[in-house]
1. I need the phi-derived Karplus couplings for the range 158-164: 6.51 cos²θ - 1.76 cosθ + 1.60, θ = phi - 60°, integer Hz, Gly and Pro marked x.
2. Inverting the mean 1/r over all pairs of different Cα atoms, compute the Kirkwood radius of the range 34-255 and quote it in Å.
3. If we count other beta carbons within 10 Å of each Cβ, what is the order of Lys24, Lys184, fewest first?
4. Just want to confirm a number: the relative contact order over the range 144-201, from Cα pairs under 8 angstrom separated by 6+ residues, in percent.
5. What number, in percent, do you get for the relative contact order of the chain if the mean sequence gap of Cα pairs under 8 Å and at least 6 apart is divided by its residue count?
6. Which whole-Hz ³J(HN,Hα) couplings does the range 59-68 yield from phi under the Karplus relation 6.51 cos²θ - 1.76 cosθ + 1.60, θ = phi - 60°, glycine and proline marked x?
7. Calculate one ³J(HN,Hα) per residue across the range 147-156 by plugging θ = phi - 60° into the Karplus curve 6.51 cos²θ - 1.76 cosθ + 1.60, and present them in order as whole Hz with x for glycine and proline.
8. Scan around Ser152 for amide H atoms under 5 Å from its own, H built in the peptide plane at 1.01 Å from N, and keep only partners 5 or more places away or cross-chain.
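Please treat every number below as a calculation from the coordinates, not as lab data. Since the model is a prediction, treat every value here as computed from it, not as a measurement. Counting neighbours? That spans all protein chains shown, and the Cβs are built from the backbone with ideal geometry, glycine included.
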Amino acid sequence: MDARTQVPTRLRPVGPWPGGLSRKLADYVVTKSVRARNTRPLVSFTFDDVPETAFIHGARVLEDRGVRGTFYVAGGLTGTIEAERRLATAAECVALHRRGHELGCHTFTHPVIQTLDADALTAELDRNRDFFASLLPDLTLENFCYPYGIASLSRKLQAQARFHSCRGCKPGINFGTIDLGMLKAVPIEQATEPAAIEAVLDETVRRNGWLVLFTHDVAPQPTWIGCTPQVLDRIVAAALDRGCEVVTVRDALRRIGAG
């Protein structure tokens with residue numbers, strides 16, 4: 001079976017979606033800029049959707065190295081059982097928070113937000129906020145990740161007004177003038193060669209940048225958008241060995257002077 005067939009259809013949006021120009025503008029027009037002032041190179045490990053294996057293996061890999069990550073959660077999907085994976089439960093999300101990891105917003109039902117109007121996106125974000133407030137009254141979801149990495153310019157502007165940062169899937173290192181409305185990020189996927197990530201880490205050090213890495217499941221036999229615990233651990237160790245500070249997105253924003 002091809003590895004891509006292992007991922008539920010919900011995770012592979014069917015296109016092309018309308019508004020291709022607006023998507024490109026969202027990716028490339030800087031709308032919420034900050035000049036980074038970090039004194040050390042930064043690396044953030046992030047997990048989208050939060051499959052249960054990201055809770056079981058991903059969080060533990062980070063904790064064993066003494067660091068923490070950011071988990072972008074869509075509250076309406078918690079505890080969902082799919083054909084090849086189970087998503088983390090609400091209780092497991094609470095456990096992540098109590099163990100020092102950051103929970104971020106990934107909408108409530110994981111739609112392509114480009115297809116939503118302003119009211120619909122507000123409703124999605126409100127539902128996710130209220131869901132987590134019912135679990136952890138003192139928790140504020142400060143940072144956002146676009147489902148599928150897709151946004152229109154109008155929805156980007158709307159999201160960035162509500163969160164400290166919004167993360168996409170446009171590859172690259174964040175350095176110099178950073179767009180907090182569309183943070184660049186590099187995937188760690190089944191086909192990813194750890195050496196390729198290590199080369200990006202070297203460039204992050206050279207530029208004194210902020211590298212945001214993302215994956216989904218962390219399992220011995222991952223889906224094509226996931227990785228194994230061994231690969232994740234190798235990359236975490238490589239970041240630490242290079243003198244990078246491995247921090248959550250929330251803490252990285254403070255390091256660059258945006259928090």
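1. 5, 5, 5, 6, 9, 10, 5
2. 17.2
3. Starting with the residue having the fewest Cβ neighbours, the order is Lys24, Lys184.
4. Relative contact order for the range 144-201 comes out at 29 percent.
5. 29
6. Whole-Hz 3J(HN,Hα) from phi for the range 59-68: 4, 5, 4, 5, 4, 5, 9, x, 10, 9.
7. Taking θ as phi minus 60°, the curve returns x, 6, x, 9, 8, 9, 4, 5, 6, 4 Hz for the range 147-156.
8. Excluding prolines and chain starts, which carry no amide H, the hits are Gln114.
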